[in-house]
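> Take a look at this one; I'll ask things after.
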Number of protein chains: 2
Amino acid sequence: MPEKKVVFMGDGSLQGAAAYLGGVLSHAGIDFSYVPSDQPAPLECLDRPSGLVILSDYPAKNLSGQAQETLAASVKKGASLMMIGGWESFYGLSGEYHRGPIAELLPVECREADDRVNWCQGVVPRVVKKHPCLEGLPWDEPPVFCGFNGTSLRQGAELVLSARLLRIRGENLSFLGEECPLLAFDSYGRGTTAALTTDLAPHWVGGWVDWGQQRINAQAPGGAEVEVGHLYAKFITQLVNFLLKA
Amino acid sequence: MPEKKVVFMGDGSLQGAAAYLGGVLSHAGIDFSYVPSDQPAPLECLDRPSGLVILSDYPAKNLSGQAQETLAASVKKGASLMMIGGWESFYGLSGEYHRGPIAELLPVECREADDRVNWCQGVVPRVVKKHPCLEGLPWDEPPVFCGFNGTSLRQGAELVLSARLLRIRGENLSFLGEECPLLAFDSYGRGTTAALTTDLAPHWVGGWVDWGQQRINAQAPGGAEVEVGHLYAKFITQLVNFLLKA
């Protein structure tokens, strides 16, 4: 069986939260191997000189030290790696990827404590720098999402989107001054790494999942059907395609 | 076995979305009977002269005509009924409670077509009228949620919260002028009815689930554990307690 270009690990199962990213990948015709959150990472999925590995709310305890070394070596050879936010991404709730081989190649530096920013008044993406994955999307009419992992940009990494916190006091709407990394890229050897610090599934995804007037029904093989906005799907597709070609 | 005061029906299962409302009820010490979305409503739960029945994303196909008549008769005798929003509440995606005995006693009138408002730029609650269930909560620092069922207020019903749509255009933040019913009450015979048109579970709940600085870990018997904001829990608890005493 030929190796699939994308390995998607985490987000529970394809019947659960993974139905979103899995559904969008399938809708875009991007074939992928899937590893549920409660299963250990198979080494053969991680040992690759190209393609893309996505870690999305995948518990670090299921990615052994050896597996993390193998994945880091693959990126060095030319594979791409993207980490997507969640309570089990970056540091997360109780400590996941803040230390070790994966931590060192991410475009952001993880905190050393619970990094979850559950922001009840909403968070808005802001374009910091033009990038192919952002093209053709109305970033001046952005969606609102609800949370992300707090990180700091690694020196030399490229920040593309930042997260701005909304502040609502009665009739007064404003943005808080401070911004946090939302989407960043870096290189590691011949490979490319990406960090998207919010989640693509509820609840952190918030209204982002409904971005775009057209509705898309998407379903991964063996997954639950999801209904999402077409701009949400377009953004994810462009992001994954960029990382596949990088 | 003495009848439980609250019957909570819907939101998938206690391992899924129902873990939120179920967890908050348990945290507040409010005992409840639970009916998962895929099980038909047992008539003995619906035939009661007091207490509260909550329908939250519970498919109307599992609440037969006879069951709906029984529930309506119970409200007439003095029970309370609350419908909480979702893709299978009010009209929902494909037609649920827009006709029949339940439709007639709700404080809002359902549309006759897909009523889902999936608003990607966020929705904010606004207090229209003081009410015991709103007390002690900072409504001038409200949470942002992501969607609701579009309805119109029934003549004579009491509108307590309305839903205001956020509009984001670059740096410009505003509210759209039109508001929709978010929380309304009405009476039917000796009973009280309530409609909360958003969902208390992801994804429509958005940032509302994180309202309040203190974090609460809550778990219904047999349910998944959830971590929520203390003001989210306080609001739900006050709403349910009002309907139990009404």
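The values are calculated or read from the model by the stated rules, or taken from the named source; none is laboratory data. Here the structure is a predicted model, which is why all the values come from computation and not from measurement. Cβ coordinates were reconstructed from backbone atoms using ideal geometry, including for glycine residues, and neighbour counts include every protein chain displayed. Protein only, heavy atoms only, side chains kept; ligands, DNA and RNA dropped before computing areas. Shrake-Rupley method; radii C 1.70, N 1.55, O 1.52, S 1.80 Å.
> Rank by packing, highest mean first: peptides B:58-65, A:192-199, with packing defined as the count of other Cβ atoms within 10 Å averaged across residues.
Ranking, from highest mean packing down: A:192-199, B:58-65.
> Which residues' amide hydrogens lie under 5 Å from the amide hydrogen of B:LEU153, considering only partners 5 or more residues apart or on another chain, with H built in the peptide plane?
Long-range HN contacts for B:LEU153: B:GLU109.
> How big is D for segment B:1-148, in µm² s⁻¹ as a whole number, if Stokes-Einstein is applied with the Kirkwood radius of its Cα pairs at 20 °C and 1.002 mPa s?
131
> Give the nm distances, rounded to one decimal, from B:LEU43 to the matching residue in every other copy, measuring between label points 7 Å along Cα toward the beta carbon; shortest first.
6.3
> Which of A:LEU81, A:SER37, A:TYR91 sits closest to the plus end of the dipole of segment A:1-106, meaning its Cα is farthest towards the positive end, when Lys and Arg get +1 and Asp and Glu get -1 on the C-beta?
A:LEU81
> 5 Å is the cut-off here: which amide hydrogens, built 1.01 Å from N in the peptide plane, fall below it relative to B:GLY51, excluding neighbours closer than 5 in sequence?
Close amide H contacts, sequence-distant or interchain: B:SER80.
> Let me ask something additional. Roughly how much of B:HIS98 is accessible, in Å² to the nearest 10, using a 1.4 Å probe?
Surface open to solvent at B:HIS98 totals about 40 Å².
> Given label points at 7 Å from Cα along Cα→Cβ, what nm distances, shortest first, separate A:GLN214 from the same residue in every other copy?
So the distances to the same position in the other copies read 4.9 nm.
> Something else about it: What residue among B:GLY51, B:GLY22, B:GLY223 shows peak mean-square fluctuation when chain B is described by a Gaussian network model with Cα springs under 10 Å?
In the Gaussian network model the winner is B:GLY223.
> For segment A:75-92, just list the computed ³J(HN,Hα) in residue order, Karplus coefficients 6.51, -1.76 and 1.60, θ = phi - 60°, integers in Hz, with x standing in for Gly and Pro.
With coefficients 6.51, -1.76 and 1.60, one gets 5, 4, 7, x, 6, 9, 9, 10, 9, 10, x, x, 6, 10, 10, 6, 6, x Hz.
> Follow-up question, since we're still on this one. Can you list which of the trypsin sites (Lys or Arg not before Pro) found in segment B:79-142 are DSSP loop residues with at most 12 other C-beta atoms within 10 Å?
Here the trypsin sites (Lys or Arg not before Pro) that fit, given the DSSP loop and packing criteria, are B:LYS130.
> What's the magnitude of the charge dipole for the protein assembly as shown around its Cα centre, counting Lys and Arg as +1 and Asp and Glu as -1 at the beta-carbon? Answer in Debye, nearest 20.
520
> Please average, across the residues of B:222-232, the number of beta carbons from any other chain that are within 10 Å of each residue's own beta carbon, and give a whole number.
1
> Taking square-rooted eigenvalues a ≥ b ≥ c of the alpha carbon gyration tensor, is the protein assembly as shown rounded, prolate or oblate, where a/c under 1.5 means rounded and, failing that, a/b exceeding b/c means prolate?
Verdict is prolate for the protein assembly as shown.
> Kindly provide the GluC sites (Glu not before Pro) of segment A:154-246 that DSSP labels as loop, not H, G, I, E or B, and whose Cβ sees at most 16 other Cβ atoms within 10 Å.
Answer in residue order: A:GLU171.
> Related question: If you average the sequence gap of Cα pairs under 8 Å that are 6 or more apart and divide by the length of chain B, what percent do you get for the contact order?
23
> Also: In whole Hz, what ³J(HN,Hα) sequence does segment B:155-165 give by Karplus (6.51, -1.76, 1.60; θ = phi - 60°), x for Gly and Pro?
Karplus-based 3J(HN,Hα) across segment B:155-165 equals 4, x, 7, 9, 8, 10, 10, 10, 9, 10, 8 Hz.
> Across peptide A:139-145, how many C-beta atoms of other chains are within 10 Å of each residue C-beta, on average?
6
> Then there's this: Using a 1.4 Å probe and ignoring any ligands, DNA or RNA, find the accessible area of A:CYS120 and quote it in Å² to the nearest 10.
Counting only protein heavy atoms, the figure is 20 Å².
> Rounded to whole Hz and in sequence order, give me ³J(HN,Hα) for segment B:56-64 from the Karplus expression 6.51 cos²θ - 1.76 cosθ + 1.60, θ = phi - 60°, writing x for Gly and Pro.
Those phi angles translate into 10, 6, 9, x, 4, 5, 8, 10, 4 Hz.
> What residues qualify as long-range amide H neighbours of B:SER64, i.e. H under 5 Å apart, gap of 5 or more or another chain, H built at 1.01 Å from N?
B:ALA41
> Moving to a separate point now. Over the whole of A:203-214, what's the average partner chain Cβ count within 10 Å per residue? Rounded to a whole number, please.
Partner Cβ neighbours, averaged per residue: 6.
> Next up: When a/c is below 1.5 the answer is rounded, else prolate if a/b is larger than b/c, else oblate, so apply that to segment B:184-246 with a ≥ b ≥ c taken from the square roots of the Cα gyration tensor eigenvalues.
Judged from the Cα gyration tensor, segment B:184-246 comes out prolate (a/c at least 1.5, a/b above b/c).
> Another one. With the contact rule set at Cα under 8 Å and sequence spacing of 6 or more, what percent relative contact order holds for segment B:22-97?
The normalised contact order for segment B:22-97 reaches 31 percent.
> If the label for A:ALA113 sits 7 angstrom from Cα along the Cα-to-Cβ line, what are its distances to the same label in every other copy, in nm to one decimal, shortest first?
With the label placed 7 Å along Cα→Cβ, A:ALA113 yields 5.3 nm.
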